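Novice: Before anything else, here's the structure in question.
Every number here is computed from the coordinates shown, using simple stated rules; none is lab data. These numbers were taken from a predicted model, which means no experiment stands behind them. With ideal geometry, Cβ positions are generated from the backbone for all residues, glycine too; neighbour counts draw on all protein chains shown.
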Amino acid sequence: MAEAVTRIEKESVLLQVGDCSVTLLPQFGGKVASILVKGHELLQTPLVPYGPRTRTMGFNEGDASGWDECLPSVSGCTVQTANGPASVPDHGDLWRVEWKVLSADKGSVTLSADGFSLPLNLMRTTTLTQTEKGYRIQADYKLANTSNKETPWAWSAHPGYAAEEGDILSLPLSIQALRIEWTRNDRLDKSNGKAAWPIAKLAAGGETDLRVSAETHSGVGDKLFAGPLTAAENWVALTRPKAGVRLRVSFDPAKTPYLGLWICQDGYPEGSIPQQHCVAMEPTTAPVDSLAITGPWSRTLAPDHSYFWPMTLDLEVL
């Protein structure tokens with residue numbers, strides 16, 4: 001097994017072991033900007049150059065690439081708190097603020113950032129190691145309430161994995177339906193609010209196989225949710241034959257009970273700028289994008305309390 005190394009540069013942090021490298025950008029929301037395996041980029045590349053982010057800009061106004069963290073909401077919304085109403089921006093606070101490098105070791109780095117819409121601090125330790133089948137990226141999270149009042153929150157991982165025609169998305173066999181959060185141009189049949197997995201009905205008639213990435217310029221954009229999930233339903237995978245790798249995301253449903261799926265083949269952002277061609281596999285605390293939509297999944301964090309959870313990305317070289 002090769003030894004992992006960490007290099008902190010002016011605007012980036014590089015984790016590397018063998019033929020795999022992971023690049024993080026603390027200045028740009030702690031973004032994991034690149035995951036390279038044998039020269040193949042596994043993340044959605046920037047749609048536009050990296051640039052300054054404001055507290056109010058939409059996610060579609062930025063680079064819309066790589067792996068970000070959505071906290072305390074995915075959708076922009078207004079929520080009631082102990083200190084009155086709070087306005088949460090699109091895709092949350094943390095992708096638009098600079099993160100601090102707290103520590104670094106061989107193949108590992110710990111970053112931290114403070115939210116501004118709600119008094120929350122997120123710390124993420126990212127570790128790269130080599131395995132018998134390829135490589136593993138381990139992300140360990142700690143969320144802290146930095147105020148003296150109970151605070152609502154929701155979290156979603158937001159990694160856009162590059163996808164091309166013929167890639168295959170896999171879920172545990174027990175998952176047979178997904179809640180439809182959004183489908184561009186009402187592509188999927190939303191009559192009962194769910195899409196059958198893996199063969200879903202189309203609103204215009206006919207069916208589509210949600211497992212298979214469509215051709216470029218198909219205009220597909222579907223946001224779907226599974227859960228609450230059991231301990232045996234703790235994974236999702238994307239097989240990329242042309243890239244020679246299988247990406248398997250695993251998580252702890254006792255901590256993050258839901259899974260979001262963003263299946264996009266040039267269906268976002270709308271307009272003439274370059275568009276995403278990716279699949280996002282997103283462990284999350286809620287089956288909805290908006291913190292303002294409450295239900296059994298809703299959660300708050302007590303003053304001076306913390307919450308911990310893991311997420312693992314295994315990269316199996318085919």
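Novice: In terms of the Cα gyration tensor, with a ≥ b ≥ c the square roots of its eigenvalues, is the range 179-244 rounded because a/c is under 1.5, prolate because a/b exceeds b/c, or oblate?
Specialist: In terms of gyration-tensor shape, oblate.
Novice: Would you mind estimating how fast the range 133-280 diffuses translationally, via Stokes-Einstein at 25 °C and 0.890 mPa s with the Kirkwood radius over Cα pairs, in µm²/s?
Specialist: Value of D from the Cα-based Kirkwood radius: 147 µm²/s.
Novice: For the range 226-297, with the dipole built from +1 on Lys and Arg beta-carbon atoms and -1 on Asp and Glu ones, taken about the Cα centre, which of Pro269, Gly295, Leu247 lies farthest toward the positive end?
Specialist: So the residue furthest toward the plus end is Leu247.
Novice: So what's the convex hull volume per residue for the Cα atoms of the range 69-204, in Å³?
Specialist: 183
Novice: Each residue of the range 115-126 in turn: what ³J(HN,Hα) in whole Hz from Karplus with 6.51, -1.76, 1.60 and θ = phi - 60°, glycine and Pro shown as x?
Specialist: Per residue, the Karplus-derived 3J(HN,Hα) values read x, 10, 7, 9, x, 10, 10, 10, 10, 10, 9, 10 Hz.
Novice: Further, regarding this structure: For Glu41 and Thr294 in the same chain, what is the full-extension length gain: residue separation times 0.36 nm, less their Cα-Cα distance, in nm? Provide the component values of the computation, followed by the final result.
Specialist: Numbers: separation 253, 0.36 × 253 = 91.08 nm, distance 3.73 nm.
Length difference between fully extended and current span is 87.4 nm.
Novice: Now, a different point. Any chance you could check the Cα centroid distance between the range 19-91 and the range 202-239 for me, in angstrom?
Specialist: 22
Novice: If you don't mind, another one. Can you compute 3J(HN,Hα) from phi for each residue in the range 275-286, using the Karplus curve 6.51 cos²θ - 1.76 cosθ + 1.60 with θ = phi - 60°, rounded to whole Hz and x for Gly and Pro?
Specialist: 10, 6, 10, 7, 10, 9, 10, 10, x, 7, 8, 9
Novice: Under a straight-distance cross-link criterion of Cα-Cα below 27 Å, which lysines are reachable from Lys10, leaving out those fewer than 8 residues away in the same chain?
Specialist: Within the straight-line limit of under 27 Å, Lys10 reaches these lysines: Lys31, Lys38, Lys100, Lys106, Lys142.
Novice: Name the long-range amide H neighbours of Gly166: under 5 Å, sequence gap of 5 or more, or other chain; modelled H, no Pro or chain starts.
Specialist: Residues meeting the amide H criterion: Ser213.
Novice: Then there is this: Per residue of the range 156-171, what does 6.51 cos²θ - 1.76 cosθ + 1.60 with θ = phi - 60° give for ³J(HN,Hα)? Whole Hz please, x for Gly and Pro, Karplus curve as stated.
Specialist: Result, rounded to whole Hz: 9, 5, 9, x, x, 8, 4, 9, 9, 3, x, 5, 10, 9, 10, 10.
Novice: Report the net charge of residues surrounding Leu71, where surrounding means a beta-carbon distance below 11 angstrom and charges are Lys +1, Arg +1, Asp -1, Glu -1.
Specialist: On the way: positive: Arg124; negative: Asp68, Glu69, Asp93, Asp114.
With Lys, Arg at +1 and Asp, Glu at -1, the neighbours total -3.
Novice: Under 14 Å from the Cβ of Asn185, count the other residues' Cβ atoms, weight Lys and Arg +1, Asp and Glu -1, and hand me the total. List each step's numbers first, then the result.
Specialist: Details: positive: Arg184, Arg187, Lys190, Lys223; negative: Asp186, Asp189, Asp222, Asp266, Glu270.
Value of the local net charge: -1.
Novice: Ok, one more. Expressed as a rounded percentage, what relative contact order does the range 19-169 have, with Cα pairs under 8 Å and six or more residues apart? Walk me through the intermediate numbers first.
Specialist: Numbers: 326 pairs, mean separation 34.1, N = 151.
So the answer I get is 23 percent.
Novice: Follow-up question, since we're still on this one. To the nearest 20 debye, what is the magnitude of the charge dipole of the chain about its Cα centre, counting +1 on the Cβ of each Lys and Arg and -1 on the Cβ of each Asp and Glu?
Specialist: 380
Novice: Sticking with this one: With contacts defined as alpha carbon pairs under 8 Å and 6 or more residues apart, what's the relative contact order of the range 188-318 in percent?
Specialist: Details: 220 pairs, mean separation 31.6, N = 131.
For the range 188-318, the relative contact order is 24 percent.
Novice: Let me ask another. Go through the range 211-286 and name the GluC sites (Glu not before Pro) that are in a DSSP coil and have 15 or fewer other Cβ atoms within 10 Å of their Cβ.
Specialist: Glu215, Glu270
Novice: When only C-alpha pairs under 8 Å and at least 6 residues apart count, what is the relative contact order of the range 161-238, in percent?
Specialist: Dividing the mean separation by the residue count of the range 161-238 yields 44 percent.
Novice: At a Förster radius of 25 Å, what calculated FRET efficiency corresponds to the Cβ-Cβ distance of Ala204 and Leu173, to the nearest 0.05? Write down the numbers at each step before the final one.
Specialist: Details: r = 29 Å, r/R0 = 1.14.
Using R0 = 25 Å, I get an efficiency of 0.30.
Novice: Which loop trypsin sites (Lys or Arg not before Pro) in the range 226-284, with loop taken from DSSP, have no more than 16 other Cβ atoms within 10 angstrom of their Cβ?
Specialist: The qualifying sites are Lys242, Lys255.
Novice: What nm distance separates the two modelled labels at Lys190 and Ile8, each placed 7 Å from Cα along Cα→Cβ?
Specialist: 4.6
Novice: Turning to a different aspect of this structure: How big is the chain on each of its three principal axes, counting only the C-alpha atoms and giving the largest first in Å?
Specialist: 52, 51, 42
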